[in-house]
1. Counting other beta carbons within 10 Å of each residue's own, what order do A:687, A:476 fall into, fewest first?
2. Average partner chain C-beta neighbours within 10 Å, per residue of B:86-97?
3. With the cut-off at 1.5 for a/c, could you classify the protein assembly as shown from its C-alpha gyration tensor as rounded, prolate or oblate?
4. Can you pull a Stokes-Einstein diffusion coefficient for segment B:1-80 at 4 °C (1.567 mPa s), Rh from Kirkwood over Cα pairs, as a whole number of µm²/s?
5. Could you state the angle between the C-alpha long axis of helix B:102-115 and the longest principal axis of the C-alpha atoms of chain B, as a value from 0 to 90 degrees rounded to the nearest 10?
6. If you stretched the chain out fully between residue A:199 and residue A:584, how much longer would it get, using 0.36 nm times the residue separation minus the C-alpha to C-alpha distance?
7. Roughly how tilted is helix B:81-93, in degrees to the nearest 10 and between 0 and 90, from the longest Cα axis of chain B?
8. For A:84, A:507, A:405, what ranking results if the residue with the fewest other Cβ atoms within 10 Å of its Cβ goes first?
């Protein structure tokens, strides 16, 4: 399918107002080429087919003056995707990056396939298909030139936005060819030749973020900056106890305050990711709406969750640890027998707390409900899931909802949930006006979908040579009916499962009335800490260097399930070399720790050098990261930035972060009691990528998990004190 | 109350509650959206502006306290050579991830360099630790400040190079 476009300005308008209507149009004014391409093996869905079709459409437009517009389909949360995905298309299209303009797609999965920011998936999912989209457009331009010159297409080449015919020394710009190319049938994507990576001009070269000039000059760009004519401003006050409902409130007193347009109770609809009950206050500006909360008195129906506390969970976990696990995750050999016959036995209890995502831009959304339809401007990582919740809660169909994906001031998994979206839509419907809903920081800290806490009770047995022959974990987590809540599960492949002759991973669950969800490197961000720390204990008990012990555990170079031991051995070895592991003599009070972790298809080994000073104050001196994410680092500047950020994110979690529950409420409320890492705490992070002959994979997450155990292992090396609970308690070290 | 405040070299007359923080006056009354709301309690620095050149958390600065002070926001930071150099360094170093904190970072950095054109790493720690970057682009912020100052971008705290 191909279509030509009208002039860019009216095209922009039509894209924003009705992309589908526009796509059905076929205009030739100005002469442009718009490609709407399907991906091999998958049929292109017609525009109004079910969004569940596994289709992907990408768009390339070339104006008659040679400007190439590439639509970027995924939400931008700071991971650099708005720059990176178009790089894949531009590379195979063979254009100068400086001639490319990037436009953010609307949420429209029938057109674009899945549009979300999560799981570090964008690279592995789009690496091949989006290059083919670019290659197809290039081939159509080549065909158009060949027809114009009446020469075989095979004699034509392309070079930076031009088709050339070397034999006759002729050339035509893509802009001149675009209109004609639009009438040529698209080629079969599956059989399209792609560039040899050695010929890449864009992929593998650093390209700064395309929106950065707008960021540094303070242009409106984020969800919080959205402005719609006639817009009102709202706050939404929810029950401090999760799942509680607003019974009554002094609404008349609130409504009498200056600038307040309305105040009303919203009923709760559905589960945690539906619509929470609360009190909406709508005003002429946000500050007035938020200020009115000082006078607000609400009677809450708190429900059963009011009895929950972090202390209670820790106590219950300890009780459960004395019993057999309720369910077996995986089992190999005879762990009981092997433990009994071990020369050395170890036992340790580890735990980590609930965590908040704390995106710096608080949750917000602007919605305009009008005539049974709703238009939404949302900083969201997962727009289509939001559409479905809004449709269900407001009794609309998917087609009634238009979602603009607005740049997110951080995601980290928080914006995979769309609770703020359904709140804004509901309040706009009630008001009959466009409404910008903005949470304050306390709302954000106290109404998150938290990284769940976890409790691990380990045992291990070593033979006389220090070889690990028995390993056992009783993981006390959260859930009911044998099903763990979101991000609280443990899989049967958790290392060292499949690497120890006698091993048992078991789980017991505690019921939880707190919303949980993915936080950057979900699952892994807690599991890496406990498993890689306990393995460090085992190495020390064996009297073997912790890095060498890990390489020994990995054993022969082979693929176990999806896990390639050779790739991990190589990143570990390089991390050792780069950090001077085993060669450096750490000064008194300092030490080095190592850990590795495989997540999101990425292999990461990290070394931390840390110093423990007076009062147990931990200074992280340096972090070395070695990662293997395949054959290409698509945008090196962004890749390094992501990896440094992920490592520092993990250090911030380890040094100070915990969400605690008391009387069913979150105790913390802002950055004074939920501290984020600051400049003076942030060590240098040296990043190395080991390129291997595997397809490229994602980078937003996998560098985070190993840094936490590497830090704790460094603290052990410095002090002899083993950190078994997060955040790190300086009192244990002082 | 009626106020006239000086923002980015221009006088703006407006009507506001005396307690209304400068942040919300800038964002929702004057439509200058570059200054960001993060915490509302001066913990994160996303709302940093200059008051007579001094980096100030606008989220806890009531409009009634602004008086005749000259307010500079991210939208006008490039009016001085130092501010412009900082912005350019931010782009050259490719600092930005999500970008939400960067207006505040740039305001703190440009105030630092205006006062201290050749800051040490300790000076940078001191001046910048009130600004949280949730994406933790701290290494690049540090490098960009040094680049804007014409200093080598090497991190002097790194004893392992």
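Taken together, the values in this text are just the output of simple stated rules run on the coordinates, not laboratory data. This one's a predicted model, so the numbers in the text were calculated from it and none came from an experiment. Neighbour counts are summed over all protein chains in view; Cβ atoms, including those assigned to glycine, are modelled from backbone coordinates with ideal geometry.
1. A:687, A:476
2. Averaged over the peptide's residues, the number is 6.
3. Values: a/c = 1.43, a/b = 1.13, b/c = 1.27.
In terms of gyration-tensor shape, rounded.
4. Values: Rh = 12.3 Å.
Translational D for this selection: 106 µm²/s.
5. 80
6. 134.5 nm
7. That works out to roughly 50 degrees.
8. Placing the least packed residue first, the sequence is A:507, A:84, A:405.
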